[in-house]
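The values are calculated or read from the model by the stated rules, or taken from the named source; none is laboratory data. Quantities reported herein were computed from a predicted structural model and do not represent experimental measurements. Quick reminder, even Gly has a Cβ in these numbers, built from the backbone with ideal geometry, and neighbours come from all protein chains shown. Side chains included, ligands, DNA and RNA excluded: accessible areas come from the protein's heavy atoms. Shrake-Rupley method; radii C 1.70, N 1.55, O 1.52, S 1.80 Å.
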Amino acid sequence: HSRFQLWGVPVLYAPWWQQPLRRKSGLLMPKVASGKRRGTEVALPLYLAIDPSWDFTATPHWMSARGVMGSGELRHISSLGFERLQGAWIDDAEINRQRYRFDGKMHWDLPANFAFDADGDFVSDPDYLADYDTGDNISAYYLTSHATLSQGFALNSFSGDWMVQARHQQNLLLA
């Protein structure tokens, strides 16, 4: 029967509340908002602690002006490094079109001082970020994806490094 009060006025009541000290599956804090582009919106994330090195967050997100967006984030960590994959999809009611975003990031430290890094981001259409993003990319002109393989080495008194990189940019100015 916990209550959150502002200036003595109760604004949140929870008949049951638990704040775990370790990772534990369960519902996360809901998001409630209102705006011109998306209307009234409610999102309720569900966190799943699959295993000590894996977790997944699924978030159904209802928007009165757009419909229901489903999103998910899968994360993994190991002795090699980490991986994070995210995706979101909506059948946008306002423009009657399916829209989506996929992004991910990974870093692996490999034997012989090799390292592999990848970072990718892709959206279905140029207006996706303006309609749904809440971060720094909201006014981006390009989304950049890249993969890099590198190695550092030392031979006697000589040391150096090399890298090979592939890069792609999605032009959001093109219709």
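On the protein heavy atoms, probe 1.4 angstrom, tell me the percent of accessible surface of the range 1-118 carried by carbon and sulfur. That fraction is 63 percent.
3J(HN,Hα) couplings calculated from phi for the range 90-101 with the Karplus curve 6.51 cos²θ - 1.76 cosθ + 1.60 (θ = phi - 60°) are, in sequence order, 8, 9, 5, 5, 5, 10, 6, 8, 7, 9, 7, 8 Hz; Gly and Pro show x.
What does the charge count around PHE82 come to, taking other residues whose C-beta lies under 9 Å from its C-beta (Lys +1, Arg +1, Asp -1, Glu -1)? Its environment carries a net charge of +2.
Looking at the calculated P(r) for the range 82-151, what percent of the C-alpha pair distances fall above 16 Å? I get 56 percent for the Cα pairs in the range 82-151 exceeding 16 Å.
Within the shell defined by Cβ-Cβ distances under 11 Å, the residues around VAL123 carry a net charge of -4, with Lys and Arg each +1 and Asp and Glu each -1. Taking trypsin sites (Lys or Arg not before Pro) as exposed when their DSSP state is a loop state and no more than 13 other Cβ atoms lie within 10 Å, the longest site-free interval of the chain runs over 38-175. The amide H of LEU110, built 1.01 Å from its N in the peptide plane, has ALA115, PHE116 as neighbours under 5 Å, considering only residues 5 or more places off or on other chains. Fully extending the segment from ARG22 to PHE102, taken as 0.36 nm per residue of separation minus the present Cα-Cα distance, adds 25.9 nm. Across the chain, Cα-Cα distances exceeding 21 Å account for 64% of all pairs.
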